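Let me begin by presenting the structure, written as structure tokens, before commenting on it.
The values are calculated or read from the model by the stated rules, or taken from the named source; none is laboratory data. Small disclaimer: the values here were computed from a predicted structure and weren't measured. Methodologically, a virtual Cβ is constructed for each residue, glycine included, from the backbone with ideal geometry; neighbour enumeration extends over all protein chains shown.
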């Protein structure tokens with residue numbers, strides 16, 4: 001069925017408690033017709049990826065605002081690979097220097113959204129790049 | 001919506017677009033918080049107001065125009081940049097840099113580990129120590145942070161880590177006493193508002209009853225022992241950063257302040273014993289006049305609240321003293337140098353509003369921790385306003401403006417309406433327990449993004465006059481040294497191995513008893529700090545006495561077994 005809802009897991013990771021952005025994105029992607037599960041704060045790499053597996057989600061979105069993005073990104077990617085989630089879209093958002101965007105892409109992130117991204121742009125990207133389910 | 005007015009970064013001038021820009025006019029005639037404003041304000045808009053009753057001269061009740069008669073002619077505001085990075089020694093170095101360049105106050109900010117009340121050896125701390133501020137584990141760290149700063153001469157706003165403010169106060173006092181200071185002479189402030197930290201990502205660490213208990217312990221202890229210390233900085237700024245409006249900032253901030261006031265009155269203190277030591281941390285967002293009006297309204301409302309509701313007699317109790325943190329969430333990573341302009345207007349609003357102490361964000365705030373150059377530039381913004389612009393010569397220069405006075409009235413009216421709403425729910429404690437407050441924050445945050453998405457609010461570089469994404473940060477990027485992080489963890493582990501375990505055990509047991517008997521916990525925390533008990537040990541022990549898990553993340557258990565006089569930390 002081609003009109004199946006896109007399923008998105010959004011999460012914070014570790015101790016970073018800046019959750020305004022993650023909650024807003026979850027809310028607005030839901031309004032854009034996606035099924036969104038926001039895992040909340042204090043999540044572990046393993047727990048987040050397990051949720052993606054359990055929920056058979058199409059997109060994983062991590063929000064970083066405490067400078068921890070280069071630390072956690074490779075861990076998330078490795079855990080995704082462990083579970084064979086190579087067709088799950090991996091996006092991140094938050095506050096980081098533009099210098100860190102190419103390294104994150106190299107680490108396996110599909111798309112990085114900085115603060116100030118407009119919702120339409122994010123929705124359009126996800127719709128255009130999400131895996132096509134049978 | 002902005003496609004048709006976007007600049008074209010290359011090629012020829014688009015003359016159609018040129019004409020559109022030429023004829024452009026404001027597309028909204030509302031304030032940032034959404035209030036309609038008129039084309040012009042005239043004496044007709046001020047007919048009802050009684051100057052003496054509602055406005056009054058600066059230095060006079062209800063202090064709408066400022067808390068001092070002569071305002072900045074007496075002294076400029078304190079130019080206090082927030083500093084916090086990596087280890088205590090790294091942070092001390094940056095603080096010293098600000099002092100060398102004309103900073104006149106210090107405000108240190110903690111990392112998420114300390115803010116959560118964890119030690120650096122916690123399994124979750126490994127990736128985060130020092131990333132967003134300074135980590136303090138023990139008295140040794142506080143000593144490194146203080147260094148040779150003269151504590152009786154420098155006004156220090158100690159650590160923005162409200163959850164553990166009681167621990168911070170104990171660590172600070174322990175170091176000050178060790179250095180031979182008479183603590184009754186110490187000047188400065190502490191951000192001691194644990195309630196609000198539940199809204200800043202630290203909810204497991206600050207249950208409401210414990211927040212009121214520990215916050216009030218600090219206030220009570222300081223009332224009796226540190227008369228020159230400002231021991232309650234109610235943090236309206238962090239609330240505002242959740243996306244709420246200017247009147248909500250006042251109403252929610254005052255609601256939280258009243259939780260502490262009510263508890264101190266229950267403990268038998270008189271309002272005039274402690275109200276003069278209350279201060280506020282206020283946001284200055286991008287709507288220039290609305291922010292000034294908000295500050296003026298807050299001053300008038302606080303004076304009336306403390307006098308009329310709480311019966312204060314001392315005019316100092318009625319004075320709304322405040323620091324401003326320019327709005328971090330109004331800054332953007334797109335075209336980052338533009339943030340300098342935003343920050344300048346915001347700090348000018350703070351100064352015209354009669355601020356006591358100011359932190360200007362650095363332009364790189366939405367990108368990384370401030371670089372040294374970023375910090376210096378922010379400090380220079382303050383200095384240019386103070387020394388060059390001439391705006392400091394006259395108290396409340398906008399007082400009497402038909403518009404500003406009218407907007408001040410509007411802010412007061414709206415904030416009072418929201419406070420009434422909170423009172424109808426059953427007060428702020430109830431609004432927090434029922435998560436009514438959470439709902440307000442979430443609703444407003446979504447509204448702010450929708451306004452941006454739909455172009456109802458225009459932001460240069462974000463939804464208007466956009467350009468290609470930058471690849472570099474103009475003045476470089478601040479990184480936190482992983483050497484500092486690893487060393488901080490090692491030092492914590494070593495300290496726990498080498499200190500006198502019996503002394504720690506006895507001091508922690510004493511703290512536990514004081515907490516269980518509902519005595520003030522600060523004296524026992526100071527004693528425990530002196531014998532090298534750590535941040536999480538102090539917090540965890542009090543948490544357990546109140547029926548909460550030792551570790552807010554519920555991973556570690558208490559190393560102290562009071563039934564058998566052993567400590568699992570003792571190897």
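Some points to look at:
Residue-by-condition table, conditions (1) more than 10 Å from every other protein chain (Cβ to nearest Cβ); (2) part of a helix (DSSP H, G or I); (3) in contact (Cβ under 8 Å) with a residue 60 or more places away in the chain:
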{"residue": "A:48", "(1), (2), (3)": "yes, yes, no"}
{"residue": "A:66", "(1), (2), (3)": "no, no, no"}
{"residue": "A:71", "(1), (2), (3)": "no, yes, no"}
{"residue": "A:80", "(1), (2), (3)": "yes, yes, no"}
{"residue": "A:93", "(1), (2), (3)": "yes, no, yes"}
{"residue": "A:96", "(1), (2), (3)": "no, no, no"}
{"residue": "A:100", "(1), (2), (3)": "no, yes, no"}
{"residue": "A:104", "(1), (2), (3)": "yes, yes, no"}
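- Scan of segment B:112-125 for residues that are closer than 15 Å to residue B:87 by Cβ and more than 8 Å from every other protein chain (Cβ to nearest Cβ), ordered by number: B:114, B:119, B:120, B:121
- Of all residues in segment A:106-131, those satisfying the criterion of being without any contact (Cβ under 8 Å) to a residue 24 or more places away in the chain and in a loop (DSSP other than H, G, I, E, B) are A:110, A:116, A:118.
- Residues being surrounded by fewer than 21 Cβ atoms within 10 Å (Cβ to Cβ), away from every other protein chain (no Cβ under 11 Å), at pLDDT 95 or above and over 20 Å from residue A:65 (Cα atoms) are represented in segment A:6-17 by at least one member.
- When residue A:119 is tested against (1) within 14 Å of another protein chain (Cβ to nearest Cβ); (2) more than 19 Å from residue A:37 (Cα to Cα); (3) at pLDDT 95 or above, only condition (2) is not met.
- Residue B:366 being within 14 Å of another protein chain (Cβ to nearest Cβ), more than 20 Å from the chain's Cα centre (by Cα) and either closer than 28 Å to residue B:60 by Cα or part of a loop (DSSP other than H, G, I, E, B) (or both): no
- Filter pass, residue B:241 being surrounded by fewer than 24 Cβ atoms within 10 Å (Cβ to Cβ), over 18 Å from residue B:116 (Cβ atoms) and in the same structural domain as residue B:165 (by TED's automatic domain parsing): yes
- Within the span defined as segment B:493-504, every residue fails to be part of a loop (DSSP other than H, G, I, E, B) and touching a helix residue (DSSP H, G or I) at 6+ places or on another chain (Cβ under 8 Å).
- Residue count for segment B:531-548, restricted to those that are more than 19 Å from residue B:491 (Cα to Cα) and more than 27 Å from the chain's Cα centre (by Cα): 3
- Listing of helices (runs of 4 or more DSSP H) fully contained in segment B:197-305 that carry 2 or more residues being within 14 Å of chain A (Cβ to nearest Cβ), in contact with a helix residue (DSSP H, G or I) (Cβ under 7 Å, 6 or more places away or on another chain) and on the phi < 0 side of the Ramachandran plot: B:236-240
- Number of residues in segment B:126-140 that are more than 10 Å from chain A (Cβ to nearest Cβ), free of Cβ contacts under 8 Å to residues at least 60 places away in the same chain and more than 22 Å from the chain's Cα centre (by Cα): the value is 0.
- Any chance residue B:485 is farther than 30 Å from residue B:36 by Cα, in a helix (DSSP H, G or I) and within 14 Å of chain A (Cβ to nearest Cβ): yes
- Restricting segment A:26-43 to residues that are under 20 Å from residue B:203 (Cβ atoms) and not in a loop (DSSP other than H, G, I, E, B), the residue that is farthest from the other protein chains (Cβ to nearest Cβ): A:37
- Residue match in segment B:68-78 (condition: within 28 Å of residue B:195 (Cα to Cα), touching a strand residue (DSSP E or B) at 6+ places or on another chain (Cβ under 6 Å) and modelled with pLDDT of 90 or more): yes
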